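Each value in this text was obtained by applying a stated rule to the coordinates, not by laboratory testing. Everything numeric in this text was worked out from a predicted model, so none of it was measured. Reconstructed Cβ throughout: ideal geometry from the backbone, glycine too, with neighbour counts over all protein chains shown.
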Amino acid sequence: LEKEMARFERLHLIGELAASIGHEVRNPLTTIRGFLQIMRGKAQENREYYDIMIDELDRANSIITEFLSLAKSKSIELEVHNLNDVIRMLAPLIQANAIVENKSVSMDLGQIPDLLLNEKEIRQMILNIARNGIEAMQPGKNLTIRTRAEGDEVLLSIIDQGCGISRECIEKLGTPFFTTKEHGTGLGLAVCFSIAHRHNATIQVESSDHGTTFYIRFHIGSH
Ligand code: ADP
Ligand code: MG
C-alpha cells in the first residue's frame, strides 16, 4: 500500500508539473500566433507558409489542451443533468462539423433519468467521439447519437457509417498518441476514456466495414 501511495503521489506530481509546463508553453505560442497573423496579412508572397505555421501552432495548442485534460486528477465537480439536454446543446456544433463535409447527424433521444455529470467533460467526450465518426465517413453518410434507459444504466450510442476500425487498431484505441491520421493528435480517445473513468462509465467499441459504434454506459444513481 505504501508503494502504491508513493506511486500515486509521484504520478500526481508529474501531472501537476505537466499542467504547469503546458500553461507556460501556451503563452509564447499565443504571442507567436498573433504576430504570424499580422505578418500573413501584410505578406506579398509565401502566404501558404504562414498558413502552415499557424495550423501547426494550432495543432501544438490542441495537443497541450488534450494533454492537460489527461493530466487532470480524479476529483471533478459533478452535477445533476439530463444527458439529452447536454446533447441538444451540443447538436449545432456537431451538425456544423458534419455539414461542411457534406455529412449528416441525427438524434434519437429516448426517455432517460438524470445523471451526475460534469457537463464540460461529457460535452468534450461526445464531441471527440462524434468528430472521429464524422471524419471516418464518406460524404452523404450519417452519424446517429442515441440515448436509452436500460435497467439501472443509461446507454449512449454514437453510431457512424464510416470505414470501420481494424482488429489491431481497436486494441490500441485510447493509447495516448495512437493515430492513423496525418494530422491527428491521437489524444482524443485517451481523453474520452479518462473522462468515462471519472464518471464511473464504460466505453465499448463495435466495428465492421459498415461503420463503428461507441457504447458509453452510465450507472444511474451512482457515478
Ligand atoms: P485522432 O482523431 O487525433 O487520430 P483519436 O484518439 O480521436 O485521435 O483516435 C485515434 C484513432 O482511432 C484514429 O486515428 C482512428 O484511426 C481511430 N478511430 C477512432 N474513432 C474512429 C471511428 N469512428 N472510425 C474509424 N476509426 C476511428
Ligand atoms: Mg479524434
Exercise. Note the count of lysine pairs whose C-alpha atoms are less than 24 angstrom apart in the chain, limited to pairs 8 or more residues apart or on different chains.
Key: 10
Self-check item: Relative contact order [Cα under 8 Å, 6+ residues apart], the chain, whole percent
Solution: 18 percent
Practice problem: Would you please put 124-133, 155-164 in order of how densely packed they are, using the mean number of other Cβ atoms within 10 angstrom per residue and starting with the highest? | Solution: 124-133, 155-164
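When each pair of different Cα atoms in the chain is counted once in the 1/r mean, what is the Kirkwood radius in angstroms, to one decimal?
Values: mean 1/r = 0.0516 Å⁻¹.
It works out to 19.4 Å.
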Exercise. Any chance you could check the Cα centroid distance between region 80-128 and region 157-190 for me, in angstrom?
Key: 20 Å
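What number, rounded to the nearest 500 deg cm²/dmol, is the helix-based mean residue ellipticity at 222 nm of the chain, given -39500 (n - 2.57) per DSSP H run of at least four residues and division by all its residues?
Numbers: 6 runs with 118 residues, N = 223.
So the calculated ellipticity at 222 nm is -18000 deg cm²/dmol.
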Quiz item: Residue farthest toward the positive end of the dipole of the chain, with Cβ of Lys/Arg at +1 and Asp/Glu at -1: which of ALA18, HIS81, GLY211?
Solution: ALA18
Quiz item: Out of the DSSP beta bridges found with both residues in region 1-150, what percent are antiparallel (nearest 5)?
Solution: 35 percent
Self-check item: Dimensions (Å) - region 53-99, Cα atoms, principal axes, largest first
Solution: 41, 36, 10
Practice problem: Have a look at the DSSP beta bridges in region 66-176 and tell me what percent are antiparallel, nearest 5. | Solution: 60 percent
Quiz item: Out of GLN111, ALA149, PRO139, whose Cα points farthest toward the positive end of the dipole of region 1-155 (charges: +1 Lys, Arg; -1 Asp, Glu; placed on Cβ)?
Solution: PRO139
Quiz item: Computed FRET efficiency, Cβ-Cβ of ARG59 and ASP114, R0 41 Å: what is it to the nearest 0.05?
Solution: 0.65
Self-check item: Test item: Cα-centred dipole of region 68-223, Lys/Arg +1 and Asp/Glu -1 on Cβ, debye
Solution: 260 debye
Practice problem: Quick one, could you list the DSSP H helices from the chain stretching 20 Å or more along their long axis (Cα atoms) with average Kyte-Doolittle hydropathy of 0.0 or above? | Solution: 83-99
